[in-house]
Structure formats: structure tokens, C-alpha cells
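The values are calculated or read from the model by the stated rules, or taken from the named source; none is laboratory data. Predicted model only: the values in this text are computed from it and were never measured. Note that we place each Cβ from the backbone using ideal geometry, even for glycine, and neighbour counts take in every protein chain shown.
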Amino acid sequence: MSDITFDGRVAIVTGAGGGLGRSYATELARRGARVVVNDLGGSVDGTGAGHRAADVVVEEIRAGGGEAVPNYHSVSNPEGGEAVVATAIDEFGTVDIVVNNAGILRDRSFANMGLDELHGVLDTHLKGGFYVSMPAFKVMKDKGYGRFVHTSSNSGLFGNFGQANYGAAKMGLVGLSNVLAIEGAKYGIASNVIAPVARTRMTEQLLGPLAEMVDPAQVMPMVVYLCSEQNQFNHEIFTAGGGRYGRIFIGTNEGWFAGSRVVPTVEEVAANLETIRDVSSYEIPSSSNDELMIIARLLGG
Ligand code: NAI
């Protein structure tokens, strides 16, 4: 494959003042993209703010000969999201790529979770994804080109103790990406999801001995590929961490067909649970319509 470059492209990476976002932003810039380095500059739980995180990454990019500007707005409110996209347009004239990466943690077991933990996490990850994507999508739709990468997590995709807020937000981003993928396809817009695993300030206490082995730089090539013109995928979820790259998917199995216009008894459903749950054969629908087609097929429609 020819070299993947981003000459003439403008990228927004949210939460790019450290960790994974820094790794994406510096590589996109190294490959020719002009980059908005957004970061609120707060702590892992989302409190506080400062310019230093974004400034350091912008300086690093400029020192390497790349082009970047900082943006210090929070993505967790509509004005902040608008301001991030406005920075791209004011400084570089457009936006081609959005990596929704900004994030915080407020872990608490569900029984003890307070509203502050719920709202703070949903506002940053899930609503933040909307607040940046909404103005960016309009620009991309008009120009007929765009790339979104939204950041999910195995905590949402598979579940993790103490992270009901975070897991729901991260799964919500999959829903956002799936619909953007469908609505954007005819405008040359692709939307995909990354579920990363990497040692950052967010995870260094959580990963145990694995921490040493999972560098954020190892997640970067997957994300940078998804941001590229060469990217052929839309509506997908990828996992990357510690040198492993893979696909995560939501599929549906063949299931058990009770028959057309038949209302089975509860006992009949119970008797067929093995077939209902059997995943030896499955499909990966690319829209809700695809699942309706499976039902229609069985009904002979
Ligand atoms: P990190 O804490 O180094 O990076 C997150 C960045 O987002 C920070 O620089 C922070 O200042 C910024 N940020 C937080 N709230 C913001 C807001 N409202 N507006 C703008 N910027 C804000 O952590 P890491 O690990 O690099 O996280 C990046 C993303 O990857 C997050 O969405 C995280 O949830 C996700 N993730 C990370 C995993 C990992 O193993 N490191 C695993 C799964 C998901």
C-alpha cells in the first residue's frame, strides 16, 4: 500500500493533551494533517482546567515541523463543541477528521453512584461526542468527505465493575457512530469506533502488570488508518492494544423460528433456549433494516 498521508486535511483530536490523543495528534501532524489539539487540561476525574496539556503537544508538533493549534474548550457543553470546530475552520478553513477521544473517569459501584458521577461522565464522553460531531458533520456533509473515530471501551462493550456511567457513555458512542455511518455514507463520511487498551494516566493504576506492555503508540496506527482517505471501513468497531488489532462486532444469530403468525408458549421458548442462544451461525447487520430483513426472510417476505 502506498504511504498514508494527510496533506491538505484538517483534523480535530479532542483530549489530545496527553495519553492516546497526543499519540494520534502527533502522528496525524507528522503525516501532513493540520491539527486542532483540543484539551481542557483537567484531572482524570474532569475537575480543573489549564492550557499546558494542549500547549505542550502543539509545541511538540511544531518542533517536528508540523502544523497545529491548541483549543482549551470543554467538549462537555454545546458551546465548547462548537468552539472546537470553529477553531478548525478559523485557523485551517475546514474539518475533515474528528477523533472523539476526550474522556474522564468517575468510577463508583452502581449502588453508590451519585448524579454528579453520572452527569459528568455522560456529558464528557457521550454528549461531548455529539457536541463536536454535530457542527463537524455539517461541514463534512457540505464538502462530501469526512472521517469520524469515536472512542469506546471494553468497559462498555463488555462491562466492568464500577463503571455503569462510563460503560453506558462508551456504548452510547457506538450508537452515535452507527447512525453517523449510515447517514454519512452517501456524503463520503465514514464513522468508526476504537476500543483502545493503553497505559495512560487514566489506566496506569488499573492495568496491573499489563501496564508496562501497552503503549498508547500501539493504538495509534489503527486510529490513524481509520482517519485516512484509504480507510475502506464504515460502521465498524476496532480494538487495539499491546500490539493486538482486531474487530469487535454486534451480531445476531440464526435463532429459533417458532413459525409465521405463531405465538409460542413460554414453555416452548424455554424448551428452545439452546437454539435461541446458539452462536455457531450469525450475521452482523449493518443497520436495523438488516435485522428486519432476517425476520422478513423467515416469514417468506
Ligand atoms: P487521558 O486522561 O490521558 O486522556 C484524556 C484527555 O481528555 C485528557 O488529556 C483530558 O484532559 C482530556 N479531557 C477530559 N475531559 C475533557 C473535556 N471535557 N474537554 C476536552 N478535553 C477533556 O486518558 P486516555 O487513556 O488517553 O483516554 C483517551 C480516551 O480513551 C478516553 O475517552 C478514554 O475513556 C478512552 N479509553 C482509554 C483506555 C485506555 O486503556 N487508556 C481504554 C478504553 C478507553
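Evaluate the following for Arg30: is it among the basic types (Lys, Arg) and either near the ligand (Cβ under 9 Å from one of its atoms) or touching a Phe, Trp or Tyr at 6+ places or on another chain (Cβ under 7 Å) (or both)? In short, no.
Taken as a whole, segment 198-212 holds no residue that is at pLDDT 95 or above and over 21 Å from Leu105 (Cβ atoms). Residues in segment 172-201 that are outside any helix (DSSP H, G or I) and of a type in the set (Gly, Ala, Ser): 5 in all. A residue that is in contact with a helix residue (DSSP H, G or I) (Cβ under 7 Å, 6 or more places away or on another chain) and more than 11 Å from the ligand (Cβ to nearest atom) can be found somewhere in segment 45-60. One residue alone among Glu229, Glu204 is away from the ligand (no atom under 11 Å from the Cβ), in the same structural domain as Val95 (by TED's automatic domain parsing), of a type outside the set (S, T, N, Q) and part of a loop (DSSP other than H, G, I, E, B), and that residue is Glu229.
Can you find even one residue in segment 61-72 that is among the charged types (D, E, K, R) and either under 17 Å from Phe130 (Cα atoms) or touching a Pro at 6+ places or on another chain (Cβ under 7 Å) (or both)?
no
Ile248 passes every criterion in (1) closer than 11 Å to Pro196 by Cα; (2) touching a strand residue (DSSP E or B) at 6+ places or on another chain (Cβ under 6 Å) apart from (1). Restricting Leu210, Leu122 to residues that are within 14 Å of the ligand (Cβ to nearest atom), under 19 Å from Val75 (Cα atoms) and in contact (Cβ under 8 Å) with a residue 12 or more places away in the chain narrows the list to Leu122.
In a residue-by-residue description of segment 2-15, the property of being assigned by TED's automatic domain parsing to the domain that holds Tyr166, out of contact with any strand residue (DSSP E or B) (no Cβ under 8 Å at 6 or more places or on another chain), at pLDDT 95 or above and near the ligand (Cβ under 10 Å from one of its atoms) applies to no position. Within segment 277-299, residues that are more than 11 Å from Asn253 (Cβ to Cβ) reach partners that are part of a helix (DSSP H, G or I) and of a type in the set (D, E, K, R) with beta carbons closer than 6 Å, at six or more positions or on different chains, in the pairs Pro285/Glu291. The residue that is farthest from Ser152 (Cα to Cα), among those in segment 100-131 that are among the aromatic types (Phe, Trp, Tyr) and under 20 Å from the mean Cα position of the chain (by Cα), is Tyr131. Among the residues of segment 63-104, those identified as part of a strand (DSSP E or B) and away from the ligand (no atom under 12 Å from the Cβ) are Glu67, Ala68, Val69, Ile97, Val98. For Gly21, indicate whether it is within 11 Å of the ligand (Cβ to nearest atom), in contact with a His (Cβ under 7 Å, 6 or more places away or on another chain) and either in contact (Cβ under 8 Å) with a residue 60 or more places away in the chain or assigned to a strand (DSSP E or B) (or both). Here the answer is no, as Gly21 does not meet what is asked.
Look through segment 105-126, keep the residues that are assigned to a helix (DSSP H, G or I) and in contact with a helix residue (DSSP H, G or I) (Cβ under 6 Å, 6 or more places away or on another chain), and return whichever of them is surrounded by the fewest Cβ atoms within 10 Å (Cβ to Cβ).
Taking the candidates together, the pick is Phe110.
The residues of segment 63-97 that are surrounded by 17 or more Cβ atoms within 10 Å (Cβ to Cβ) and under 17 Å from Ala169 (Cβ atoms), listed by number, are Ser74, Val75, Ser76, Gly80, Gly81.
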